[in-house]
Amino acid sequence: MPDHDFSNSERPKFRFLLFIADGEPNSVAAKENLRSFCAEELGVDHEVEVVNVLDDAQPALDHGIVLTPALLVVEPPPRVIVAGSLSDRDKIRFALRLPTPARAL
Amino acid sequence: MIPKQPTGIKGLDEVLQGGLPKGRVTVLRGGHGTGKTVFALEFLWRNALAGEPGLFVTFEEQASSLKENALAMGWDFQRLEDEKKFAIIAIDLTPDIVMSGEFNIDGAIAIIRQKAKAIGAGVFAIDASDRLLGLFHDPSQRSRRLQGLHMALQNQKLTGIITVKDDAPGMDQFEYVSDCVLRLDQRVEDQINTRRLRVTKYRGSGYLSNEHPFLITSSGVRLLPVSGVGLSYAPPSARASSGVSQLDELLGGGYFAGTSVIIAGASGTGKTTLASTFSAASCAAGERVLFASYEESESSLVRAMLSPGIDLRPQLEAGCLRVLSRLPEAMGPDQHLFSIIEAIEEFSPHHVVVDAISATERMGNESAAFDFQVRLIYHCKDRGITCVFTTQARQWTRMSDMANFELSSLAECVVGLEQEWRDEGFERRIAVIKSRGTNHANGVYPFHITSRGVEIESAPVIPGHRSPHARESEGGRDA
């Protein structure tokens, strides 16, 4: 029963940092695309922290993120960056090494 | 005149007539290994020393190796960083990036902006920006991002350089939006490596056009501006003795200080002796002489001059004479030029002797040699330094042909030496072939090199000889 309980040793399987430039169209799209992707494909087993580089660029610098929006996959390893508005779900699955669902014809 | 930010790089501010456009972005283009990074680093180093903090952004190198390389030039960026006068942002673009949909570089811009603000930077440099923009595969996207980056930087009111690889696709766009574009280039001609800088655009400002040679030395970039030669030199007035009183008489009082004198003659006619005589006499008069020897070493020059009774040793010891001995083949003409100009700047001599200027052809090709000669002459002329150049004429060249070479048109004075075989041995002759603005003799006079130096006979062998520059020697007071 791994529900919304991230309390102690039970960490979510997928942890993301989403770097955005708040208000910029691609960033707005990325937030929305990630939200729906997670909801539809990852269920509850994930955690997203949104970082607005316009407020503080230091985390972006620390992680070597120069493109926005950019999704940093913290868990599971290895560390991967998915840059862009996240409109292409196949690329996100590829980054997370998730199988690509068979498409209906 | 638009406001400018000096770069502090030797020679570059002269070319840019003050520096880079203040509050604007300058594009520095060049192929691999042309020196873009060194230019960018030196710009920040010199500005930091002048009290203007700077930010360096690279998408290519690691901060540690960059600082290490800079330290080899004597630029201690770590110290500047500790003093909060410098910050470096090194971004590694190599980790796995998966692209999904459209993106832009707001992250990079935000990082740059915040870092610049944190140290109060007034200047910046972004190195290898093509690496960043290369992430955009679509050309129209790339040029949009480029313009976005340019605009964002411009809005910061910072003065900066963005370096771009020459062959990076889509970078031509950059030139349209930028106010100032510099191009670096490196080529090998006649096995000589030459580096050149050219300003291809400078909105709102004049600049020295042409390609300006530069070197990357152990202390940074050294640029030698090829100036549009201003012919506004004050007419010479003071005379400098040639060291031979009879020759001074033939010249109408000696060489003009601050002008160019050429002593032409075949091998063994006494050119070096005459040039050394001048050096010794100038030193005795309390003036400094830089003697650039492209024919022999200092010690062999000193030894050779002892026989005609010229002892250069006390003058070398007194420090009024300095010998710069260089093998012409050792380096290219640019490096030779830098080396002699550096010596001139350091020693600030009254006179520069080059023995022999004709040896400069061995530095490269004929045109490079001529370039060397012309630029040395103008460098000296600008500073009121007399140039005395010896030049080797072909064996048995007659007086009448002695001024028949390119450089003589730039010299105010040409003294010719010749020799001819007679039953009793060689007979040496001397003539003032031209001496602009003087009432010089135009006869040909026998002379001897004795243990007391050069001695010219008072009776000419050819009294009525007219030089090829008859117009100038009109009214010459012949004996």
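Residues whose amide H lies under 5 Å from that of B:Gln5, counting only those 5 or more places away or on a different chain, are B:Leu20, B:Lys22; hydrogens are built 1.01 Å from N in the peptide plane. Take every DSSP beta bridge whose two residues both sit in the protein assembly as shown; close to 45 percent of them are antiparallel. Mean separation of Cα pairs under 8 Å and 6 or more residues apart, divided by the residue count, gives chain B a relative contact order of 14 percent.
Helical runs (DSSP H, four residues minimum) scored at -39500 (n - 2.57) apiece and divided by the length of chain B put the mean residue ellipticity at 222 nm at -9000 deg cm²/dmol. Helix B:333-347 and the longest principal axis of the C-alpha atoms of chain B enclose an angle of approximately 80°. Surface burial for B against A, with a 1.4 Å probe and both sides summed, reaches about 2000 Å² of accessible area.
Taking θ as phi - 60° and the Karplus parameters 6.51, -1.76 and 1.60, the scalar couplings of the range B:452-458 work out to 9, x, 7, 10, 9, 6, 7 Hz in sequence order, x denoting glycine and proline. Take B:Lys4: with every protein chain present and a 1.4 Å probe, its accessible area is about 40 Å². To put it simply, the accessible area of the protein assembly as shown at a 1.4 Å probe is 50 percent carbon and sulfur. Of all DSSP bridge pairs formed entirely within chain B, close to 45 percent run antiparallel. Axis angle, to the nearest 10 degrees, between helix B:271-284 and the longest C-alpha principal axis of chain B: 80 degrees. What's the long-distance tail for the protein assembly as shown, i.e. % of Cα pairs beyond 40 Å? Value for the protein assembly as shown (Cα pairs over 40 Å): 46 percent.
Our coupling estimate for the range B:244-259, obtained by passing each phi through the Karplus curve with A = 6.51, B = -1.76, C = 1.60 and θ = phi - 60°, is 10, 5, 5, 5, 4, 5, 4, 7, x, x, x, 6, 7, 5, x, 10 Hz, Gly and Pro reported as x.
Comparing the full protein assembly with the isolated chain, the residues of the range A:66-105 losing at least 50 square angstrom of accessible surface (1.4 Å probe) are A:Val66, A:Leu67, A:Thr68, A:Ile81, A:Ala83.
With a threshold of 19 Å on the Cα-Cα distance, the over-threshold entries among B:Lys10/B:Lys117; B:Lys22/B:Lys201; B:Lys4/B:Lys157; B:Lys22/B:Lys117; B:Lys115/B:Lys157; B:Lys271/B:Lys434 are B:Lys10/B:Lys117. In order along the range B:433-449, the Karplus-derived 3J(HN,Hα) couplings, from 6.51 cos²θ - 1.76 cosθ + 1.60 at θ = phi - 60°, round to 7, 8, 7, 4, x, 10, 9, 8, 6, 10, x, 10, 10, x, 9, 10, 9 Hz, and Gly and Pro are given as x.
Between amide H atoms placed 1.01 Å from N, distances below 5 Å from B:Leu324 occur with B:Phe291, B:Ala292, B:Ser293, all of them 5 or more places distant or on a separate chain.
The values are calculated or read from the model by the stated rules, or taken from the named source; none is laboratory data. From a predicted model like this one, the values you see are computed outputs, not experimental measurements. Please note that ligands, DNA and RNA were not included when accessible areas were found on the heavy atoms of the full protein model with its side chains. Shrake-Rupley method; radii C 1.70, N 1.55, O 1.52, S 1.80 Å.
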